[in-house]
1. For segment 106-127, check the following and say yes or no: at least one residue is farther than 16 Å from Ile20 by Cα and open to solvent by less than 60 Å² (accessible area, probe 1.4 Å).
2. Answer yes or no as to whether Lys96 is more than 16 Å from Gly56 (Cβ to Cβ), open to solvent by 30 Å² or more (accessible area, probe 1.4 Å) and of a type in the set (Lys, Arg).
3. How many residues does segment 41-50 hold that are open to solvent by less than 40 Å² (accessible area, probe 1.4 Å) and closer than 15 Å to Ile20 by Cβ?
4. Residues in segment 65-85: is at least one of a type outside the set (A, V, I, L, M), surrounded by 11 or more Cβ atoms within 10 Å (Cβ to Cβ) and farther than 26 Å from Met125 by Cβ?
5. Looking only at segment 94-106, decide whether some residue is farther than 30 Å from Tyr2 by Cα, modelled with pLDDT under 95 and assigned to a helix (DSSP H, G or I).
6. Any residue in segment 24-45 that is free of Cβ contacts under 8 Å to residues at least 12 places away in the same chain sitting within a Cβ distance under 6 Å of a residue that is surrounded by 11 or more Cβ atoms within 10 Å (Cβ to Cβ)? List the pairs, counting only those 6 or more apart or interchain.
7. How do the pairs read when you match residues in segment 60-84 that are free of Cβ contacts under 8 Å to residues at least 60 places away in the same chain and more than 15 Å from Val118 (Cα to Cα) with residues anywhere that are of a type outside the set (Phe, Trp, Tyr) and open to solvent by 80 Å² or more (accessible area, probe 1.4 Å), using Cβ under 9 Å and keeping only pairs 6 or more apart or on different chains?
8. Restricting to segment 58-79, and then to whatever is among the aliphatic types (A, V, I, L, M) and modelled with pLDDT under 95, can you tell me which residue is nearest to Gly111 (Cα to Cα)?
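The values are calculated or read from the model by the stated rules, or taken from the named source; none is laboratory data. What you see is a predicted model, and the numbers here were worked out from it, not measured in a lab. When we count neighbours, we look across all protein chains shown, and the Cβ atoms used for this are built from the backbone with ideal geometry, even at glycine. These area figures cover heavy atoms from the full protein model, side chains too; ligands, DNA and RNA do not enter into them. Shrake-Rupley method; radii C 1.70, N 1.55, O 1.52, S 1.80 Å.
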Amino acid sequence: MYYFFKYLGWVNITLLVLVIAHFLLRRVNKYGFGNKNSSLSKISQSMSKVHPFIAGALVVSAFFHGWNLAGGIILHSGYIAFLAILLQLSIGTMVKYLRKKPFLVAHRIVGIALTVLVIVHVVLMNT
């Protein structure tokens, strides 16, 4: 079972990349194509619909990955990254339902921090 939960971490990274790709595709379309690339627009619209579900799957998957490998709640880089995932999910929920720009800005900032935390976690755990 150890290897299953270890490789579940790579599933988490894949889910995180998919979540981030939603933002990146919109940026590329906006700044690279002036929002005129219909293919990127269609992909972005599809990703907007699945974005919350992928994020939810990330939370569940990251929980099982960390809980089973660490044996519970232990303060380390993965736990801090998981807290950032929970914060990101909370702020993302506020963005969806409250539609206030400060929450969107916070969602993006926490997204950058989450990416950095995951990279640090992967580097620390693979050395």
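1. Within segment 106-127, the subset farther than 16 Å from Ile20 by Cα is 120-127.
Adding the requirement that they be open to solvent by less than 60 Å² (accessible area, probe 1.4 Å) leaves 121-122.
Yes, segment 106-127 contains a residue that is farther than 16 Å from Ile20 by Cα and open to solvent by less than 60 Å² (accessible area, probe 1.4 Å).
2. Details: more than 16 Å from Gly56 (Cβ to Cβ): no; open to solvent by 30 Å² or more (accessible area, probe 1.4 Å): yes; of a type in the set (Lys, Arg): yes.
It is false that Lys96 is more than 16 Å from Gly56 (Cβ to Cβ), open to solvent by 30 Å² or more (accessible area, probe 1.4 Å) and of a type in the set (Lys, Arg).
3. Of the residues in segment 41-50, the ones open to solvent by less than 40 Å² (accessible area, probe 1.4 Å) are 41, 44, 47.
Applying the additional criterion that residues be closer than 15 Å to Ile20 by Cβ yields 44, 47.
Residues that pass the stated criteria total 2.
4. As a first pass, look at segment 65-85 and keep what is of a type outside the set (A, V, I, L, M): 65-68, 71-72, 76-79, 82.
Next, only the ones that are surrounded by 11 or more Cβ atoms within 10 Å (Cβ to Cβ) stay: 65-68, 76-79, 82.
From the residues that got through so far, the ones that are farther than 26 Å from Met125 by Cβ too are none.
No; the residues of segment 65-85 include none that is of a type outside the set (A, V, I, L, M), surrounded by 11 or more Cβ atoms within 10 Å (Cβ to Cβ) and farther than 26 Å from Met125 by Cβ.
5. Yes, some residue in segment 94-106 is farther than 30 Å from Tyr2 by Cα, modelled with pLDDT under 95 and assigned to a helix (DSSP H, G or I).
6. Partner pairs satisfying both residue conditions: Asn35/Asn29; Asn37/Asn29.
7. Pairs that qualify, where the first residue is free of Cβ contacts under 8 Å to residues at least 60 places away in the same chain and more than 15 Å from Val118 (Cα to Cα) and the partner is of a type outside the set (Phe, Trp, Tyr) and open to solvent by 80 Å² or more (accessible area, probe 1.4 Å), are Trp67/Ile73.
8. Step one: filter segment 58-79 for residues among the aliphatic types (A, V, I, L, M), giving 58-60, 62, 69-70, 73-75.
Still in the list and also modelled with pLDDT under 95: 69-70, 73-75.
On the way: Leu69: 24, Ala70: 24, Ile73: 23, Ile74: 23, Leu75: 21 Å.
The residue in question is Leu75.
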